[in-house]
1. In nm, to one decimal, how far is the R402 label point from the A322 one, both placed 7 Å along Cα→Cβ?
2. What is the Rg over Rh value, at two decimals, for segment 26-221, using alpha-carbon atoms and the Kirkwood definition of Rh?
3. Can you compute the charge dipole magnitude of segment 26-221 about its Cα centre, using +1 on each Lys and Arg Cβ and -1 on each Asp and Glu Cβ, nothing else charged? Give it in debye, rounded to the nearest 20.
4. Per residue of the chain, what 222 nm ellipticity follows from adding -39500 (n - 2.57) for every DSSP H run with n ≥ 4, rounded to the nearest 500?
5. What number results when the radius of gyration of segment 381-476, computed over Cα atoms, is divided by 2.2 N^0.38 Å?
6. Across segment 145-157, in residue order, what do the Karplus-derived ³J(HN,Hα) couplings come to in whole Hz, using 6.51 cos²θ - 1.76 cosθ + 1.60 with θ = phi - 60° and x for Gly and Pro?
7. Among G466, S540, T498, which residue has its Cα furthest toward the positive end of the charge dipole of segment 465-546, with +1 on Lys/Arg Cβ and -1 on Asp/Glu Cβ?
8. Could you state the number of Å between the C-alpha centres of segment 476-546 and segment 412-443?
Amino acid sequence: MVGSGAEPVVGSGAPPISSLDEVRFDNRFTSALPADPDTVNHRRQVIGACYSRVAPTPAPTPQLLAHSAEMVDLLGFDPDLVSDPRFAAVFAGSTLLDGMDPHAHCYGGHQFGSWAGQLGDGRAIALGEMVDRNGQHQTLQLKGAGPTPYSRTADGLAVLRSSVREFLCSEAMAHLGVPTTRALSLVGTGDFVIRDMLYDGNPAPEPGAVVCRVAPSFVRFGNFEIFASRGDVETLRTLADFVIEADFCHLVGEPAPGRYVQFFDEVVRSTAEMVCEWLRVGFVHGVMNTDNMSILGLTIDYGPYGWIDNYDPDWTPNTTDAAHRRYRFGTQPAVAQWNLMQLANALYPLIGEAEGLQAALDGYVPCFEQKWSAMMARKLGLPGLDTDVDRELATGVLEVLRLVETDMTVFWRRLATVAATGGVDPAERVAPLADAYYRPVEVTDGHRSATSEFIEGYAARLRALGIADEARAEAMNRVNPKYVLRNYLAQLAIDSATEGGPKAIGELLDVMRRPYDEQPDRESYAALRPDWARTRVGCSQLSCSS
Ligand code: AMP
Ligand code: MG
């Protein structure tokens, strides 16, 4: 069995944890996997080990800036625990609790299509694994709590702006129903960190912060790749068996090497699901390197990500990627497939023949297409993409979105209000969509007639299927969010936190808690991106500097 088994765990039915001294850990990763024997915190290549033990660097004056009430609850904490000053100290990395076993993962990765060698947790330190209210193990991991053996030339720290973005987006994605790592807390360290935000020779001090991320596993494709690249099949197998036992336990009884193929097949499917969900809500990850791909199909490593305002499949938020746009919105499904191929290559030594892995990899495209069709049908309020007409509607709607600069999120909500009933004047029928246009003056008669043609076909199909307007609107509004974490909204919260205090972060999080609901007093959060944000750094362009 995986796990130390020494400590009682929390699990469901236990009373809330009212003191940090009551927190129990069951550290499966560090008890089951080989550790780096060197425990001195210096940069190095780590061979034959899955992790290095390393203590977080204490923060001078930790201050809790925000927390996720849902994660406090999931972890079984009493809600009042967050006001204990020790909570901020623990989740800044300044105080360790009994049973914690802080460590950094060893992994490699393909960055922008090239093998980059050892990367590892350069500024993430996992504290240990708790058992949540549902009986699920959850790893608590600090991001920005100081250097580790994997920090290479960097400092292991994180600035407030990037930490706010990671904290808010993790939780916003979870509320949207997109698979993601979670965030428990955002703590200001009281220290300053030097960053050259635009890599243009202007380094400046910025406030430092630490996010406590939470996930059942932080294992990435790159955790496997590093051992395969070094020909270390023994550690590769140990890691694969651990991951299967810990997170794919239904495969434990399966004979090897078939279980490794089955494991890969499941990663293929969950990755397809994750990317499909990104397309549904308009999320662009920005750095889909294989070290940023979770084996659980969770969105992980929120860096220069962005949200689509005007629908443009060629858009990338990441300035580092501006030249080739490898990670633009519309290429994400293909990049995920390429990344899966790297994982398949990494698992190959465990299997010794390519056939099974190739078959699973070949399953990616049909699996993605099936998920995409189901997703688009739901967005359109159709029961499925069952006919050629339905399939044309699904591709047609994306063409309509590109005719003129059109806000993706507003468009889908407005589409839900379009009447399908017969005898409606076509101009009147398309009228609700006008709210989604960034520059209404640029809408030509040609755009209007192409949009009308689509909408009339859509309405006719809805009538043929006997779908009532009201029921359709309700169903569409459950998959087409009204509120997403628009880049400029996060930036406004960052500006406010930098100048004043963290209030705006909590307010924005609160809006993002109910992304599908109408929130009448919060209409401004659903508005089109304002003109000033079109080109502002942090709103439309982000670098990896964080
Ligand atoms: P990312 O592009 O954020 O996925 O990071 C790629 C690699 O660089 C990972 O190994 C990170 O841990 C490492 N890294 C990124 N930023 C820092 C930093 N400030 N200090 C140390 N390592 C970092
Ligand atoms: Mg990363």
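1. Calculated label separation equals 2.3 nm.
2. With Rh from the inverse mean 1/r over Cα pairs, Rg/Rh is 0.95.
3. 540 debye
4. -12000 deg cm²/dmol
5. Segment 381-476 yields a ratio of 1.02.
6. Result, rounded to whole Hz: 9, x, x, 9, x, 9, 6, 6, 9, 9, 9, x, 9.
7. Checking the options against the dipole of segment 465-546, the answer is S540.
8. Between the Cα centre of segment 412-443 and that of segment 476-546, the gap is 25 Å.
Each reported figure results from applying straightforward, stated rules to the coordinates on display, with no laboratory input. Because the structure is predicted, anything quoted here is derived from the model rather than measured. FYI the Cβ positions are ideal-geometry reconstructions off the backbone, even for glycines, and counts take in every protein chain you see.
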